[in-house]
Amino acid sequence: MTRITVVHQGALGDTILLIPLFQSLRAQFGASSLTIVTRTNFGQMLAMLGFVDAHASADDKEHTLWFGSPSAGKPNSRPVWADVDHLISAVSDGADDWAANARALLGPRAVEGLHFFQPRAAPEYAGHVTQWHRDQLVWSGLPLEKPTLPLPRMNPDGAIVIHPGSGTDTKCWPRERFISLGRSLKRLGIVPTFILGEAEQERWGRTVMDELKEEFPWYLHMGLYELAERLSRARLYLGNDSGVTHVAAAMGVPVIALFGPSSDTQWGPVGPSVKILRAPAPHGHVLEALPEETVLQEVLAELRKL
């Protein structure tokens with residue numbers, strides 16, 4: 001059995017975009033054991049959903065010690081997850097202390113078993129980040145085939161799920177339009193469910209939150225695995241460029257993603273049914289310029305397909 005570990009410390013969306021890499025690795029090596037070193041809750045979700053076999057915390061001392069220079073040619077720690085056939089790092093450029101610790105631990109195996117990729121290292125790269133992952137691993141001697149998309153999920157009795165948040169304000173369509181869109185759907189006999197997180201509670205304030213809760217079904221963010229399970233039962237998902245949107249796409253549900261300042265060509269969610277909406281040119285990078293009517297009509301068009 002081929003043992004593989006991927007080390008990554010990115011945000012939720014960046015981490016979800018590793019799933020195609022995991023699929024390519026499994027296709028390449030068949031029987032394999034795949035571990036991810038990342039934030040604990042990210043790793044737990046990926047393992048519970050079956051995308052990886054095991055996980056470890058990137059914040060554990062055994063890992064953080066690798067960011068210091070090895071002593072006398074010996075690694076600063078010997079984590080179990082690093083004793084593998086292929087160690088793939090997204091936290092090192094291959095010429096730093098982390099890489100020196102990895103080479104000291106792996107010894108001669110490091111020549112063929114140590115690989116590096118940095119998704120944000122080449123802003124001029126025009127393709128999707130998932131292709132960038134594979135390209136860099138090809139250059140390091142680990143050729144991988146393009147993965148298949150997740151299987152589509154058809155949930156005709158599921159909820160229309162709206163997540164109005166994102167980690168960055170500029171990536172958020174105005175909340176008033178999300179609420180107005182929800183009211184328009186409700187008048188048509190379609191009652192959407194809102195997913196809310198701590199960020200929305202803080203940004204929106206008690207008055208707006210209370211009004212929303214009176215009008216629509218809603219639930220607060222929960223553990224990531226429970227969130228993914230709920231999303232997997234949705235009929236349709238609508239949201240901003242956010243980690244939660246990437247999770248919904250990875251679950252295989254139909255997704256409408258609203259993009260503004262970031263590139264969907266490079267960072268768009270990966271799934272079997274993903275529709276990207278932008279404001280009309282020349283304002284495609286300004287999310288506020290995306291009309292509510294455009295989003296409403298796209299939601300209705302997608303529902304007719306389902």
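Quick note: the coordinates plus some simple rules give every number you see, no bench work behind them. Please read all numbers here as calculations on a predicted model, not as lab measurements. Don't worry about glycine lacking a Cβ; one is built from the backbone with ideal geometry, like all the others, and counts go over all protein chains shown.
Some notes on this structure:
- Amide H within-cut-off set for S33, under 5 Å, with H built and near neighbours excluded: T2, R3, I4
- Point-to-point label distance, T207-D85, nm (Cα→Cβ direction, 7 Å offset): 6.2
- Phi-derived couplings, Karplus 6.51 cos²θ - 1.76 cosθ + 1.60 at θ = phi - 60°, listed residue by residue for region 82-99: 8, 8, 9, 7, 9, 10, 10, 10, 10, 10, 9, 9, x, 10, 10, 5, 4, 5 Hz, with x used for Gly and Pro.
- Between region 46-91 and region 240-306, the C-alpha centres lie 35 angstrom from each other.
- Dimensions (Å) - the chain, Cα atoms, principal axes, largest first: 69, 38, 37
- For the pair D135 and N155 in one chain, pulling the backbone fully straight at 0.36 nm per residue adds 3.7 nm over the alpha carbon distance.
- Lys, Arg +1 and Asp, Glu -1 on Cβ, resulting dipole of region 160-305 about Cα centre, debye, nearest 20: 460
- Amide H contacts under 5 Å for M222, placed H, 5+ residues apart: L227
- Spin-label pair K186-E226: with each label point 7 Å from Cα along the Cα-Cβ axis, the two points sit 2.5 nm from one another.
- Assuming charge only on the beta carbon of Lys and Arg (+1) and of Asp and Glu (-1), the dipole of region 2-139 about its Cα centre is about 220 debye to the nearest 20.
- GNM result for the chain, Cα springs below 10 Å: residue of G223, G268, G239 fluctuating most strongly: G223
- From its DSSP helices (H runs of at least four residues, each -39,500 (n - 2.57)), the chain gives a residue-normalised ellipticity at 222 nm of -11000 deg cm²/dmol.
- Each of S69 and A31 was given a label point 7 Å from its Cα along the Cα-to-Cβ line. The distance between the two points is 4.5 nm.
- Phi-based couplings in Hz for region 260-272 (Karplus 6.51, -1.76, 1.60; Gly and Pro marked x): x, x, 9, 8, 6, 4, 9, 10, x, x, 9, x, x
- In Hz, Karplus ³J(HN,Hα) per residue of region 173-182 (6.51, -1.76, 1.60; θ = phi - 60°; x = Gly, Pro): 5, x, 4, 4, 6, 4, 5, 4, 4, x
- Region 2-139: antiparallel DSSP beta bridges as a percent of all, rounded to 5: 5
- Charged-residue dipole, Cβ positions (Lys, Arg, Asp, Glu), the chain about Cα centre, Debye nearest 20: 580
- Among the GluC sites (Glu not before Pro) in region 79-185, those located in a DSSP loop and surrounded by at most 16 other Cβ atoms within 10 Å of their own Cβ are E124, E145.
- Between L306 and H283, residue separation times 0.36 nm minus the direct Cα-Cα distance comes to 5.2 nm.
- A rounded overall shape is assigned to region 2-139, the ratio a/c of its alpha-carbon gyration tensor axes (a ≥ b ≥ c) being less than 1.5.
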